[in-house]
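Asks: Handing you this structure, nothing more for now.
The values are calculated or read from the model by the stated rules, or taken from the named source; none is laboratory data. Computed from a predicted model, the values in this text were never measured in an experiment. Here the Cβ positions follow ideal geometry from the backbone for every residue, glycine too, while neighbour counts run over all protein chains shown.
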């Protein structure tokens with residue numbers, strides 16, 4: 001990822017995303033099988049928080065992808081992981097896949 005880029009989507013037919021995902025969502029997403037560490041994560045000048053997020057296949061998975069993308073955007077915006085602790089959060093869906 002380049003300069004201030006926090007995420008990008010890969011073109012068809014893949015549609016996966018690279019994004020900087022703050023903890024603990026990074027660990028949860030990897031454990032649940034939604035993401036894997038970027039092969040260059042942690043190398044010189046590259047954040048250890050970068051992951052490959054697999055493309056969503058349906059609207060339920062799209063909600064989780066949007067939730068993770070929002071976490072990445074919030075982290076890029078102000079350097080803090082911001083989380084909603086309400087019932088509309090997909091946390092339960094994400095962690096139930098672990």
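Asks: Of all residues in segment 32-54, how many are touching a helix residue (DSSP H, G or I) at 6+ places or on another chain (Cβ under 8 Å) and in contact (Cβ under 8 Å) with a residue 40 or more places away in the chain?
Replies: Initially, segment 32-54 is screened for residues touching a helix residue (DSSP H, G or I) at 6+ places or on another chain (Cβ under 8 Å), giving 32, 34-37, 49, 51, 53.
Okay, now just the ones that are also in contact (Cβ under 8 Å) with a residue 40 or more places away in the chain, so 32, 34.
So the answer is 2.
Asks: Would you mind telling me which numbered condition in (1) within 15 Å of residue 35 (Cα to Cα); (2) at pLDDT below 90; (3) not in a helix (DSSP H, G or I) residue 84 fails?
Replies: (1)
Asks: Assigned to a strand (DSSP E or B) and loosely packed, with under 15 Cβ neighbours inside 10 Å: is that true of residue 18 in this structure?
Replies: Numbers: assigned to a strand (DSSP E or B): yes; loosely packed, with under 15 Cβ neighbours inside 10 Å: no.
Spelling it out, it is not the case that residue 18 is assigned to a strand (DSSP E or B) and loosely packed, with under 15 Cβ neighbours inside 10 Å.
Asks: I need a count of the residues in segment 31-72 that are in a helix (DSSP H, G or I) and surrounded by fewer than 17 Cβ atoms within 10 Å (Cβ to Cβ).
Replies: At the first step, the residues of segment 31-72 found to be in a helix (DSSP H, G or I) are 31, 59-72.
In the following step, the residues that additionally are surrounded by fewer than 17 Cβ atoms within 10 Å (Cβ to Cβ) were identified as 31, 59-63, 66, 70.
So the count comes out to 8.
Asks: Mind checking which residues of segment 1-13 are at pLDDT 90 or above and assigned to a loop (DSSP other than H, G, I, E, B)?
Replies: Scanning segment 1-13 gives 10, 11, 12, 13.
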